[in-house]
Amino acid sequence: MTIKLYNIKNRKKEVFKPIDAKNVRMYVCGPTVYDRAHIGNARPVVVFDILYRLLRHKYGVTFVSYARNFTDVDDKINVKAISTGRSIREITDETIGWYNKDMAALGALEPNYTPRATEYISEMIEMIKELIKKGHAYSSKDHVLFDVNSYEAYGMLSGRSVDDMIAGARVEVAPYKRNPMDFVLWKPSNNEQPGWESPWGFGRPGWHIECSAMARSLFGEKFDIHGGGLDLQFPHHENEIAQSCACCGQDSFANVWLHNEMLQVEGKKMSKSLGNFFSVRDLLDEGFSGEVIRFVYLSTHYSKPMDWTVKKAQEAEVTLRKWRKLTKDIQDSKLISEEVIEALNDDLNTSKAITALHGIAKRGDAKTLKASAQLLGLLNNQMGGWVEENTFDLSALEALILDVRDKAMKTKDFSELDNLKSSFISAGLDVQMSKDRIKLIVGLQFDSSKLEDFL
Ligand code: AMP
Ligand code: ZN
């Protein structure tokens, strides 16, 4: 069965054909490391982790390479260094440590390569030299700029013409640019800014060149898949393509381009001023387990905007608890459901894959459930700690409340029932009563110590 992916470059779903099935290569733009990753930054991590897992499943673990960079040279990092009095290296090392830990908590596999931009400065300088030699870049007032007019296909990825871009741009027209859309490959640094010696003086790279240089150095001039968030389509990815294709040939760089849509919170764009801006660590510290967060991400297709809501997290928790209970005796299973693979093969349809998992759970097929969920990075043994903390047999409490209700129906005195209900609710349980059934659901604030009197 083939994998189909929606290739933004050609604006259609296409059968994925690797250049070399023994060396499938995927590059994804990673974070700028000056602060904790927010929950939007984690979306591409989870999305491309699924693609990585699917490719490994199809082509074999040793035949797939995944690179995700760290942007560790950037003016936001410089600002943080100045405001905190700490060194740039200290800040970027600490942030990379946080990032690795937080993304591992979401069950993301570590990519094969996690290059840091500052380790590829000489490769960037080399590429800039080649661009100047081929007439695609020029130096002007200690800067080097990419000449967008020299590259005919500029705008191909985002579907815009250079004239439209100029009309819509609010960029300041710098005196050293020939065309307002020309972008910086190299810029001068003063003594307080990080910098390296180059043919154009002491300076540092512009943002875009790092991904072109790192991808080329790790994967060669042509590779299979390039990904990132939709916000990177323009200008970052457009500029990466222009640099790489102008330098190495029109047909070079990535064959397939994928972008995840953005994440918002409770229906609103995440922003510090709205108070709905969280880091992944904030959610983990609040008691949302990494597995629950991952499940919520997977329930929306990557190409659609995704809404983080507490309600979705609560529902995810109930489902995962059920699935973990059902599969608790299964040690190792390789019975992956064809239905789940088919859903993922269809442009990573994770929400359809989850629907399939619900069906498998309903049939009580624990072995297939475990292996198939694991393909999505769920139900892994090392991620189950959060459930064990709460392995609490609720059936005795359900029986108790049923008893008390029966009594109340006869005596018409509901005070004991009301008291019991409020005790359960204050222990973090959701009490659902229907005519012939009582169901207790563990909420996120569940505290079993408050229930000791009832057991
Ligand atoms: P940055 O550190 O801002 O360069 O972002 C790192 C990655 O997170 C990039 O792939 C971005 O496209 C992605 N990203 C940033 N904000 C969001 C968001 N709200 N939703 C989804 N992806 C995002
Ligand atoms: Zn990039």
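The values are calculated or read from the model by the stated rules, or taken from the named source; none is laboratory data. Note that the structure is a prediction, hence the values are computed from the model and not measured. Quick reminder, even Gly has a Cβ in these numbers, built from the backbone with ideal geometry, and neighbours come from all protein chains shown.
I'm trying to understand the selection: among the residues of the range 3-48, which are aliphatic (A, V, I, L, M), within 16 Å of ligand 2 (Cβ to nearest atom) and not in a loop (DSSP other than H, G, I, E, B)?
Those that are aliphatic (A, V, I, L, M), within 16 Å of ligand 2 (Cβ to nearest atom) and not in a loop (DSSP other than H, G, I, E, B): MET26, VAL28, VAL45, VAL47.
With respect to GLY249, is the statement that it is modelled with pLDDT under 95 and out of contact with any Leu (no Cβ under 7 Å at 6 or more places or on another chain) true?
Judged against the criteria, GLY249 is a match.
Considering only the range 230-270, state which residues are more than 12 Å from ligand 1 (Cβ to nearest atom), part of a strand (DSSP E or B) and closer than 27 Å to ASP147 by Cβ.
PHE253, ALA254, ASN255, TRP257
Can THR114 be described as within 16 Å of ligand 1 (Cβ to nearest atom), touching a Lys or Arg at 6+ places or on another chain (Cβ under 8 Å), among the β-branched types (Val, Ile, Thr) and within 20 Å of SER279 (Cβ to Cβ)?
Working: within 16 Å of ligand 1 (Cβ to nearest atom): yes; touching a Lys or Arg at 6+ places or on another chain (Cβ under 8 Å): yes; among the β-branched types (Val, Ile, Thr): yes; within 20 Å of SER279 (Cβ to Cβ): yes.
Taking the combined requirement at face value, the residue satisfies it.
Failed condition for LEU218, given (1) away from ligand 2 (no atom under 16 Å from the Cβ); (2) in contact with a strand residue (DSSP E or B) (Cβ under 6 Å, 6 or more places away or on another chain), with all others met?
(1)
Only one of (1) within 16 Å of ligand 1 (Cβ to nearest atom); (2) assigned to a strand (DSSP E or B) is not met by THR300, so which one is it?
(2)
I need every pair where a residue in the range 54-70 that is within 16 Å of ligand 2 (Cβ to nearest atom) has its Cβ under 8 Å from the Cβ of a residue that is among the small types (Gly, Ala, Ser), sequence separation at least 6 or different chains.
ALA67/ALA215; ARG68/GLY30; ASN69/GLY30; ASN69/ALA117; PHE70/GLY30; PHE70/ALA117
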